[in-house]
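**Q** One structure, as structure tokens, below. Some questions next.
We did not get these values from a lab; they are worked out from the coordinates using the rules stated. What you are looking at is a predicted structure, and each value in this text was computed from that prediction instead of being measured. Counting neighbours? That spans all protein chains shown, and the Cβs are built from the backbone with ideal geometry, glycine included.
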Amino acid sequence: MQPSQAMETRSSCRVFTDQPIPQETLERLMSLTCRAPSAINLQPWQFTVVRGEEVPRLGKKLTRAYAERGISCGPDNTKPLPEIYLERQKELNRVMGPAMEQAGVDRNFINTGSLSFYGAPAVVVATLDGAFPPERALDLGFALGWLLLAAAELSLATCPVGLVCSYQDIIKDFLNINPSRRVVLTVAVGYADDGSPLNRVRSPRAPLDQVVRWY
Ligand SMILES: Cc1cc2nc3c(=O)[nH]c(=O)nc-3n(C[C@H](O)[C@H](O)[C@H](O)COP(=O)(O)O)c2cc1C
């Protein structure tokens, strides 16, 4: 698969089958991920790959914390969002809404689904060394972009799951991750349930003239 094909065809998967991923496939995925560039080649990332029964065990702990703390998916903006972003959020809801209705899930599905990694057989937890400022999360962003595209080539579906970073104390405790590290993002990985309407959602993108400036 050409990178351009992966870029054009990948989308977030929100219903996984319970088919496990062969260990060699996961190793190939992580080896391609770690080919990503980073500033001064410091590779400030560490990836913890959670597999098998450990995924639902972690999911249960996160779901319990959600019941207590109630932190939901959101844009994490520190100032009121300009109208253009609110419109993009509405556009996503316009394509997700009917699929959620068809799949018979409630409005809380994105929160509860995220916290259980949508039933994926594996989750990659990406952490940044505590020695670095938050800006270096950019390097992990490159690596995770690599991961999404490499996964597509390996016929694996993915969903980036950022909500769980609001519960990072629980993740770090469960996975024995050094408290000084920061969980930047997690990615659910597995095989898509192609029968689910939720996996047929194709999120729109803003027209180029809204996001690209030419000089
Ligand atoms: C940093 C980041 C965090 C995300 N967090 C979540 C999440 O917590 N739950 C979820 O269902 N999707 C999450 N997503 C997936 C986005 O909703 C999705 O990428 C976006 O709507 C575009 O759709 P696509 O991935 O299908 O192209 C996240 C994506 C990114 C890049």
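**Q** Neighbour counts of other C-beta atoms within 10 Å: give me Ile84, Ile21 arranged from fewest to most.
**A** Ascending number of Cβ neighbours within 10 Å: Ile84, Ile21.
**Q** Arranged by the count of other C-beta atoms within 10 angstrom, fewest first, what order do Thr48, Thr127, Thr9 take?
**A** Neighbour counts put them in this order, fewest first: Thr9, Thr48, Thr127.
**Q** By its C-alpha gyration tensor, with a ≥ b ≥ c as the square roots of the eigenvalues, how is the stretch 115-215 shaped: rounded for a/c under 1.5, else prolate for a/b larger than b/c, else oblate?
**A** Verdict is oblate for the stretch 115-215.
**Q** Same structure again: Using 0.36 nm times the number of residues separating Gln19 and Gln89, minus their current alpha carbon distance, what extension gain do you get?
**A** Gain in length upon complete extension: 22.0 nm.
**Q** Each residue of the stretch 113-126 in turn: what ³J(HN,Hα) in whole Hz from Karplus with 6.51, -1.76, 1.60 and θ = phi - 60°, glycine and Pro shown as x?
**A** With coefficients 6.51, -1.76 and 1.60, one gets x, 4, 5, 10, 6, 6, x, 5, x, 8, 9, 9, 9, 9 Hz.
**Q** Using a Förster distance of 30 angstrom, determine the FRET efficiency expected from the C-beta separation of Arg51 and Phe142, and round it to 0.05.
**A** Efficiency computed from Cβ-Cβ geometry: 0.80.
**Q** Something else now. Averaging the inverse of every distinct alpha carbon separation and then flipping it gives the Kirkwood radius. What is it for the chain, in angstrom units?
**A** 18.3 Å
**Q** Of the trypsin sites (Lys or Arg not before Pro) in the stretch 45-134, which ones lie in a loop per DSSP and count no more than 15 other C-beta atoms within 10 Å?
**A** Loop-located and lightly packed - Arg107.
**Q** What order do you get for Arg213, Arg136, Arg200, Arg205 when you list them from fewest to most C-beta neighbours inside 10 Å?
**A** Lowest to highest Cβ neighbour count: Arg213, Arg205, Arg200, Arg136.
**Q** If you don't mind, another one. Which FRET efficiency value, to the nearest 0.05, do you get for Ala131 and Met30 by plugging their Cβ-Cβ distance into 1/(1 + (r/R0)^6) with R0 = 25 Å?
**A** FRET efficiency, Ala131 to Met30: 0.65.
**Q** Here's something else I'd like to know. Find the relative contact order for the stretch 3-202 and round it to a whole percent, using C-alpha pairs within less than 8 Å whose residues are 6+ positions apart.
**A** 41 percent
**Q** Separate question: Cross-link candidates for Lys61: which lysines have Cα within less than 16 Å, leaving aside residues fewer than 8 places away along the same chain?
**A** Qualifying lysines at Cα under 16 Å: Lys172.
**Q** Could you give the length gained by full extension between Asp76 and Ser38, i.e. 0.36 nm per residue of separation minus their alpha carbon distance, to one decimal place?
**A** Separation in residues times 0.36 nm, less the Cα-Cα distance, equals 11.2 nm.
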